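Chemist: One structure, pasted below without further comment.
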């Protein structure tokens, strides 16, 4: 197998299509976790972006290039929104929609006006990097303890994905535009492309494992609370039962006071 950019694009398509199917199944199994639904949509968009990029390798048209960049940005936004939903952070859809529309206008204009590749690389770094960094921030927040290996995997993947957001700009500045992602037509083997692919795969798998870890922690916490409540309820029932037995013993018929018993025996 020749590990060129076309091969990695095919792997990207297959891998994230499988991730999307897994996330869809998990969304149906755990309907209370909204993050799975958002991640499933994001993984479908990543797969669609990879398909458009693969087609662009054959048909050199700006429409496919525009679709690739737009779908890729939408997927990154949904991954960030899913991470926010996982940790209970309020989702701001309006801001995400505004950013998406702004990117479509600016990147589409850059393609129509045939601006230099450097300008397009700046646009990609400007719009992609903040959302990838925001995903990394949500995973690394200090108030999320006891996540262990799941957090480590997600942090490594998010860190690589954040750095890879400036890869196109870096490659353009180094005059290696033939390897740049989303802005050229790479035909040669690209180790950088492999690193970016590994980062996205680690991020996707790390987020899924992280969600399972949080589900386990919540289940254990609920089990502890339920056990504590059951123990308190059992103690309350025991106390009430003891008080009820004592009250019943005091009010049983034929149980007179000692003074009354002495007077009755005197009469006999």
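The values are calculated or read from the model by the stated rules, or taken from the named source; none is laboratory data. Everything numeric here is computed off the predicted structure, so don't read it as measured data. Positions of Cβ are generated from backbone atoms using ideal geometry, with glycine treated the same way; all protein chains shown enter the neighbour counts.
Chemist: Of the residues 57, 102, 11, which is touching a residue at least 60 places away in the same chain (Cβ under 8 Å), more than 24 Å from the chain's Cα centre (by Cα), in a helix (DSSP H, G or I) and surrounded by fewer than 19 Cβ atoms within 10 Å (Cβ to Cβ)?
Modeler: Working: 102 fails: touching a residue at least 60 places away in the same chain (Cβ under 8 Å); 11 fails: more than 24 Å from the chain's Cα centre (by Cα).
Matching residue, one of 57, 102, 11: 57.
Chemist: Which of the residues that make up segment 153-171 are under 12 Å from residue 137 (Cα atoms) and either touching a strand residue (DSSP E or B) at 6+ places or on another chain (Cβ under 6 Å) or surrounded by 20 or more Cβ atoms within 10 Å (Cβ to Cβ) (or both)?
Modeler: 154, 158, 162
Chemist: Okay, next question. Taking the options 42, 48, name whichever one is farther than 18 Å from residue 154 by Cβ, in contact with a helix residue (DSSP H, G or I) (Cβ under 6 Å, 6 or more places away or on another chain) and either surrounded by fewer than 22 Cβ atoms within 10 Å (Cβ to Cβ) or modelled with pLDDT of 90 or more (or both). So that I can check it myself, show each step before the final result.
Modeler: Working: 42 fails: farther than 18 Å from residue 154 by Cβ.
One residue alone meets the criteria, 48.
Chemist: Go through the residues of segment 122-137 one by one and say whether even a single one is at pLDDT below 85 and assigned to a helix (DSSP H, G or I).
Modeler: We begin by selecting, within segment 122-137, every residue at pLDDT below 85; these are none.
No, every residue in segment 122-137 fails to be at pLDDT below 85 and assigned to a helix (DSSP H, G or I).
Chemist: Do we find a residue being closer than 22 Å to residue 200 by Cα, under 23 Å from the mean Cα position of the chain (by Cα), at pLDDT 90 or above and surrounded by fewer than 17 Cβ atoms within 10 Å (Cβ to Cβ) anywhere in segment 72-93?
Modeler: no
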